[in-house]
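To start, the structure under review is shown below, and the notes come after it.
The values are calculated or read from the model by the stated rules, or taken from the named source; none is laboratory data. None of these values were measured; they are calculated from a predicted model. Cβ placement follows ideal geometry from the backbone for every residue including glycine, while neighbour counts extend to all protein chains displayed.
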Amino acid sequence: MTNFDVDAEFDRQVQRFLDKGYPAAAGMEQHAFLDLVTPLHKAVLEYEGEFAPPTKARVPFLLVIAKERVTASRSMPLTELRGGSGFVTDTFDDVDRFMPIESVVIPGGDAYVLFDLDRGADYLNVRPNDALISMIGAGRTPLTVEEGIAFITQFPDSLEKNHCFSLLASRGADKRVPALWISKAMPKLGWCWAGNPHTWLGAAHAAGRAGLLGASSRRAE
């Protein structure tokens, strides 16, 4: 067993959302936002895996606000890295139209939990298309844009030079793959081509998801 305070980490993540202005971004009063996320504590406690303390590369669980409540174009500017605010690249003005791929099931409701998240250093310099096949074959699920933004919102130091990551679970109608990296010392949401590898870009993945509507861990199949 590890010495990790699950309750304290849950409370920290909730407070982080409050501090970053998520209730306003979601168009909600603070009490209503708390009513949305606080019940997720039950889903965390019901998770059957073992929790390890978070590191820059891997975190035990992550609270996520669904895109139907807060879009990527609204949440990305709420991220920051050492004082520099995050932004969406100019050539990605259609990011909010990117949707989860067919093999990824997102729990119902406006908030849910992602478990055992890894920023994906094992997929550095691997073509995104190949990384997706590999991680699904290993029983892991790729991350959506919203999940990636939640990751660097809660754990900003996890976005590091040469350890940035693609978000393979969100796709549009073309061959672009969303990715998070650092530009001018600020978090940047951009895209790369699905067939192009990059030495500095991995592909984030997780064990599964759980929500309040059917709160069992979900995996890509």
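D93 versus (1) under 24 Å from W191 (Cβ atoms); (2) at pLDDT below 95; (3) not basic (K, R): which is the lone unmet condition? Only one criterion is unmet by D93, namely (2). Residues that are assigned to a loop (DSSP other than H, G, I, E, B), in contact with a helix residue (DSSP H, G or I) (Cβ under 8 Å, 6 or more places away or on another chain), of a type in the set (V, I, T) and surrounded by 12 or more Cβ atoms within 10 Å (Cβ to Cβ) are absent from the stretch 5-18 altogether. When the criteria are applied in full, M1 meets the requirement of being part of a loop (DSSP other than H, G, I, E, B) and either modelled with pLDDT under 95 or surrounded by 17 or more Cβ atoms within 10 Å (Cβ to Cβ) (or both).
Residues that are of a type in the set (G, A, S), in a strand (DSSP E or B) and within 20 Å of Q15 (Cβ to Cβ) within the stretch 60-105 comprise just one, S85. With a requirement of 2 or more residues that are on the phi > 0 side of the Ramachandran plot, the strands (runs of 3 or more DSSP E) lying completely within the stretch 106-208 that satisfy it span 108-118. Being surrounded by fewer than 23 Cβ atoms within 10 Å (Cβ to Cβ) and among the hydroxyl-bearing types (S, T, Y) holds for only one residue in S170, S183, S166, and it is S183. Picking from residues in the stretch 127-158 that are of a type in the set (A, V, I, L, M) and within 12 Å of the chain's Cα centre (by Cα), the one that is nearest to G202 (Cα to Cα) is L143.
Of all residues in the stretch 107-145, those satisfying the criterion of being within 30 Å of L36 (Cα to Cα), touching a strand residue (DSSP E or B) at 6+ places or on another chain (Cβ under 7 Å), among the small types (G, A, S) and modelled with pLDDT of 95 or more are A111, G120.
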